[in-house]
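Q: Sending over a structure as structure tokens; questions will come in a sec.
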Amino acid sequence: MPAKTSKPKKHLFHMCHDRIISGMAKVGAADLAVKENPANAFRPSGIKKFGSSSPFSPRKISLLTGKKWKPGRVLGVYFMDGSKLQRQKVETFARQWSAHCSIGFDFTASKANAQIRVSFIADEGSWSYIGTDNLSIKKSEPTMNFGWLRDDSADAEWERVVVHEFGHALGAIHEHQNPKGGIKWNEVNVYKYFSGEPNNWSKEEIEINVLDKYSVAQTNGSKFDKYSIMLYGFDGALIKGGKPTRENRQLSKMDKTFIKKAYPSV
């Protein structure tokens, strides 16, 4: 007997949304990614034509360019606002990634020298640009935001959100958008759920942040990790078959393996 379809539960959760670079700005972001780390370059074998009419024109190549930082990099982090406690919480939890890879963070960096610029008031959401996309953002603008984390927020929520967003900053995608994820969405419920409070997303935002999958070329090819910090706990009513995903709040074993492989010791 097929599983019953139910309505999503009323206790909605905050979910971050990807900051997407669009249009020709993608080409500039791709150039910066390759300059930062030549391994990001996409060069298909046997293709000699790279003009605008080529299937591998610069604009199209930019969609397949990697976003990894150079291994061993120390990324500058600058706080554009926030209380002393908010800043301390971010620093504490962000460093969890550094314990498993060669990327470090300098939380004393100036705005001019920071690759990651953190705000708590840019808007009500939480988000981050992905990996080297941070390099293409104006120095006057934040690249990461924690819109609902406050001094009195629980440590478990701080850990869940900060580790997740810094995962994006290091180049990790949302796990539910892994092309090998296998999640089959109940799209009617998905649109209804995320168009309401507290996310209030448009149809396009829901598609970008939930329903769309990344291409295999844009990922590291790892299998779906149901324990990943990059995966949200989705209500079963949003998924065909009715089985929910886990609400993960800490780095998984596969997260640690992934980041070590992405940024090995130099």
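Q: Looking at S215, S252, S222, which one is surrounded by 15 or more Cβ atoms within 10 Å (Cβ to Cβ) and at pLDDT below 90?
A: Among S215, S252, S222, only S222 is surrounded by 15 or more Cβ atoms within 10 Å (Cβ to Cβ) and at pLDDT below 90.
Q: Report, by residue number, each residue of region 179-203 that is at positive phi and not polar (S, T, N, Q).
A: Across region 179-203, the qualifying residue is only G182.
Q: Can you tell which of I229, I206, I183 is in a loop (DSSP other than H, G, I, E, B), more than 23 Å from I116 (Cβ to Cβ) and in contact (Cβ under 8 Å) with a residue 12 or more places away in the chain?
A: Values: I229 fails: more than 23 Å from I116 (Cβ to Cβ); I206 fails: in a loop (DSSP other than H, G, I, E, B).
Every option except I183 fails the conditions.
Q: Let me ask something else about it. So, in region 177-199, how many residues would count as being open to solvent by less than 30 Å² (accessible area, probe 1.4 Å), under 14 Å from H17 (Cα atoms) and over 11 Å from the mean Cα position of the chain (by Cα)?
A: Going through region 177-199 one residue at a time, the tally reaches 2.
Q: Within region 248-266, can you find the residues that are in a loop (DSSP other than H, G, I, E, B) and free of Cβ contacts under 8 Å to residues at least 40 places away in the same chain?
A: The one that is in a loop (DSSP other than H, G, I, E, B) and free of Cβ contacts under 8 Å to residues at least 40 places away in the same chain: S252.
Q: Another one. Determine if region 141-157 includes at least one residue that is out of contact with any helix residue (DSSP H, G or I) (no Cβ under 7 Å at 6 or more places or on another chain), at pLDDT below 95 and among the basic types (K, R).
A: Checked against the condition, which is being out of contact with any helix residue (DSSP H, G or I) (no Cβ under 7 Å at 6 or more places or on another chain), at pLDDT below 95 and among the basic types (K, R), region 141-157 yields no hits at all.
Q: Limited to region 118-136, what total is found for residues that are within 21 Å of Q88 (Cα to Cα), at pLDDT 95 or above and open to solvent by 30 Å² or more (accessible area, probe 1.4 Å)?
A: Of the residues in that region, 1 qualify.
Q: Return the total of residues in region 1-37 being touching a Leu at 6+ places or on another chain (Cβ under 9 Å) and modelled with pLDDT under 70.
A: 1
Q: I would also like to ask the following. Restrict the check to region 141-153 and report whether at least one residue is among the aromatic types (F, W, Y) and touching a Pro at 6+ places or on another chain (Cβ under 9 Å).
A: yes
Q: Could I ask something else about it? I'd like to know if region 137-144 contains one or more residues that are crowded, with 22+ Cβ neighbours inside 10 Å, within 12 Å of the chain's Cα centre (by Cα) and over 16 Å from R87 (Cβ atoms).
A: no
Q: Starting from region 163-178, take each residue that is touching a residue at least 12 places away in the same chain (Cβ under 8 Å) and list its partners that are outside any helix (DSSP H, G or I) and of a type in the set (F, W, Y), counting only C-beta distances under 6 angstrom and pairs at least six apart or across chains.
A: That search, which allows pairs on different chains as well, returns I173/Y214; Q177/Y214; N178/F224.
The values are calculated or read from the model by the stated rules, or taken from the named source; none is laboratory data. The shown structure was predicted, so the numbers you read here are calculated from the model rather than taken from an experiment. Please note: Cβ atoms are built from the backbone with ideal geometry, for glycine as well, and neighbour counts cover all protein chains shown. Accessible surface is based on the protein model in full, side chains and every heavy atom, while ligands, DNA and RNA are left aside. Shrake-Rupley method; radii C 1.70, N 1.55, O 1.52, S 1.80 Å.
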